[in-house]
Each structure stands twice: as structure tokens, then as C-alpha cells.
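Here the structure comes first, spelled out in C-alpha cells, and everything after it is commentary.
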Ligand code: LLP
């Protein structure tokens, strides 16, 4: 981040064209702030470097990263589809008026009700995760009189360099059909024979927050061999290959996020070449970026509530949020960076550890942040929090969830209201004998 671009004459941090100190004052903290322009810039980069560069391709945004109604609308207006992974995400997309035919319905533990919901709402593809789901789906499709188009999720057996909790494509993963053994072949055979199911092809997603394209390319090569094998042995021609997401973003202030085409170009070239040598048609390709689209388009504003120095050891700045609005540091050891939003013109002479407010020693948002000296009441902006924060938030310690504000030129709109204490009690019932 170049500092000058983001600082106004008052020495305040600017985000999406807005004075963040003003936003904190107007909407309160903690506050998620998303920049519409930044989201659209990333969607447009997907268009110019992938959709316009290759024929017969499509891109869907992985809604699990961040999916309020407003996000569905932005994604739709940019011409991308949606990757959905639960009835709740599907419900949200439909409520936003998102065209169901442009959605992919994922998940390794879809319930019958969710499959029925997906069938009745006409999702574009159901991505079948395993044999049991295939059986359930066949039954449900027959009962509903539908013929869903499906993909099989495959674990190509590659290890990507990322945290093990967000690694998904290795052998032994809970996701998808393993390539070892015959289960995938059996499933292909069964789907081809079924009057109910229209098998279009395969899906893989090898993990998340990945910086180098080697594992993605390896997965493409393995999948091409697999597709060629099915053509040879079963006469099944793959029409579609969904290559998932996983493209990383840089959290360090001096680092750079890789361009998305550093992945997609390499994967597409490998796919075209391998298909040519294997003598199979290159299938339609779909990608599913989540984090890459929305992470850097978001920040979280907090207010420093208390300072505490333990001599010679550490200085804590405790803020009014923490693992409830951003569980990623405590869950994955994720590293974030923050700026003192009202002190951008001051020297970073202090080192503080930004502590979340939850009753957990592990609720630390950032260790050893270099910052101008902080005081109670200072607004703090944690950067790069657009993905997997709001969507993973909880009410631990009965903390209400922050509001989400969408900023665009001249506008700052609340797209998700801050929860109230009453919201916390919604749905709670006291049984008669406890009244
Ligand atoms: N497609 C599928 C089938 C996925 O499972 C995922 C993410 C994506 C696409 C999008 O991946 P992305 O482009 O965002 O890396 N909560 C974790 C990330 C979990 C990702 C799960 N699947 C985190 O905060 O790092």
C-alpha cells in the first residue's frame, strides 16, 4: 500500500475514498468497511485476464468468503456466477434475485433438504461430493421429477503450500472422490447410466491462500489424464472442468498479491496442451475465486479501548472486537497489518500487540505492530479483512456482530446492520418451568 494515496490532509487513513475516522464516528466500531470499487476492480480483472482471454470459460465468485445480498448484486452485475455451499447461501442468492442457473452448489455434507432446495430452485450445477450423495441426489431428483446437471468433485491428490486447515486437494481430504481406487469410475458409470443425472464433468479445489501455480497446474495435468481415461474406458467425454479457487492475497504491507492470470494462464496452457496430446476436446473451464476478489476490498475499523504495558515484555492495545469478527488469526495463525487511522502522519515509534476482547488468551489480532503511540479512543484499521471474516463471525461472549458498510463514490451505505442485544435473544425461549 503506498501511503500517500491513503492519507488526507488531516492525517487520516482513506479507504475507498472515505476518511475512515469519519466512518468510525458515523457508524460506530467495530465496523467492516467494503469498497465497491475495489470489489468491482477485481471482478473486472477476472474478466479482462481470464474471461476475455480464453474461449468457453466462466468464473464464479466463492460466496463463502463474503455473501451479503449487496455482494450478490455486485457479482451479478459484473457477470460472474456464484459458488454456494449451503441452503443459507442459496437462499441469500435467490433473495438477491441472482440467476440460479449461474450457481454451483457445493458441499460434502449436503442435507436432503438442501438437495431438494437446490433442485427446486434450478441451480446451474450440483457438485456431487461422493457416492452416498450421488445416491441421495438420484432419489431426490426422481421424486422431484428433475434432471440436474452435475459435476463430480475430485481430490486430485496434490499438496499445496498452505495451512493444513485450508488444504483440500490432498489424498485423504474429506472433500470429493479420491482418484485412488474405483469409486470415481463407478460414479461416472452410474451417472452415465442414470436417466435422472446429467453428468457434465469434474471439479477440483486444492486449497486456499496459495501463491504459486505449480500445484494448480499439477492438478490440471492429473485431471486431464483422468478425463482421457474416462473417454477411453467409458466413452465419457468431459464437457466441463471446474478448477476451483485458492488464489492467495498478500497480507504483508510490502508484499504483492499475485495476478490471477499468473494461475489461470498457466492452468489453461497446461490444459490445452495436455488435452491436445491426449486427443480429447478441451472442456469448458470454470474458476471459483473467493478471497482474491474480496479480501483486499475490505477493512475492519476498531477503537482502542485500553492500553496496557507490561514492562520490558509487551504493550497491549485492546480493541472492541477480535476473534468474533475475525477468527482467522486464532484459527490459522493468520497475520494481519493495521494502521492508526487518525495518526497516518505520525512516526511509527511504538510496538504494540493488538488484543481482541474475548475471554481467550489466544484472541490476539496482531502481534508486534509498529505504530505511532496509541491511546484509548484511537481508531485502528485492520487491512485486508474482506474475506472470511464477516462470513465466519460468531457471537462468542455474546458480542453483537458489527455492521457492514459499503462505500462507493460519494456513498456509504449500511448493507448489514449492527446486531443489537435484542438480536442476541432472537429465537431464545424460556421453557415454562424456568419462567
Ligand atoms: N471453491 C471451493 C469448492 C472452495 O471450497 C473454496 C474455498 C473456494 C472455491 C474459494 O477459495 P478461495 O479462492 O477463497 O481461496 N476460511 C478459510 C478459507 C476456506 C476456504 C474454503 N474453500 C480462511 O479464512 O482462510
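No lab work stands behind these numbers, since they all come straight from the coordinates. Treat the numbers as computed from the prediction; the structure is a model and nothing was measured. Cβ coordinates were reconstructed from backbone atoms using ideal geometry, including for glycine residues, and neighbour counts include every protein chain displayed.
The table below gives the values:
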{"quantity": "Packing-based exposure ordering (other Cβ within 10 Å, fewest first) of 72, 192", "calculated": "192, 72"}
{"quantity": "Under 17 Å from the residue 313 label point (7 Å along Cα→beta-carbon), backbone N, the stretch 357-380", "calculated": "360-364, 367-368"}
{"quantity": "Cα long-axis angle, helix 112-121 against the chain (0 to 90 degrees, to the nearest 10)", "calculated": "80 degrees"}
{"quantity": "Estimated 222 nm signal from helices in the chain, with DSSP H stretches of n ≥ 4 weighted -39500 (n - 2.57), rounded to 500", "calculated": "-8500 deg cm²/dmol"}
{"quantity": "The stretch 95-162 versus the stretch 192-260: alpha-carbon centroid distance in Å", "calculated": "17 Å"}
{"quantity": "Per-pair calculated FRET efficiency, R0 = 30 Å: residue 214 and residue 108 via Cβ, rounded to 0.05", "calculated": "0.70"}
{"quantity": "Using a Förster distance of 30 Å, the FRET efficiency for residue 182-residue 331 (Cβ separation, nearest 0.05)", "calculated": "0.25"}
{"quantity": "Share, in percent, of DSSP beta bridges within the chain that are antiparallel, nearest 5", "calculated": "45 percent"}
{"quantity": "DSSP bridge orientation in the stretch 36-291 - percent antiparallel, rounded to nearest 5", "calculated": "5 percent"}
{"quantity": "Sorted peptide list for 148-158, 232-242, criterion being average Cβ within 10 angstrom, highest first", "calculated": "148-158, 232-242"}
{"quantity": "Mean separation of Cα contacts under 8 Å (6+ apart) over length of the chain, as relative contact order %", "calculated": "19 percent"}
{"quantity": "On Cα atoms only, tilt of 261-278 relative to the major axis of the chain in degrees", "calculated": "10 degrees"}
{"quantity": "Size of the chain as Cα extents on the principal axes (Å, biggest first)", "calculated": "70, 62, 43"}
{"quantity": "Fewest-first ranking of 138, 288, 113, using other Cβ atoms within 10 Å as the exposure measure", "calculated": "113, 138, 288"}
{"quantity": "Net length gained if the chain between residue 433 and residue 346 were fully extended (0.36 nm per residue, minus Cα distance)", "calculated": "25.3 nm"}
{"quantity": "Full-stretch length increase - residue 367, residue 22 - with 0.36 nm per residue and alpha-carbon distance subtracted", "calculated": "121.6 nm"}
{"quantity": "Spatial separation of Cα centroids for the stretch 54-76 and the stretch 410-434, in angstrom", "calculated": "28 Å"}
{"quantity": "Residue order, fewest to most surrounding Cβ atoms within 10 angstrom, among 132, 394, 86", "calculated": "132, 394, 86"}
{"quantity": "Using alpha-carbon coordinates, inclination of helix 131-144 to the longest axis of the chain, degrees", "calculated": "80 degrees"}
{"quantity": "Distance (nanometres) between label positions extended 7 Å along Cα→Cβ at residue 250 and residue 359", "calculated": "4.2 nm"}
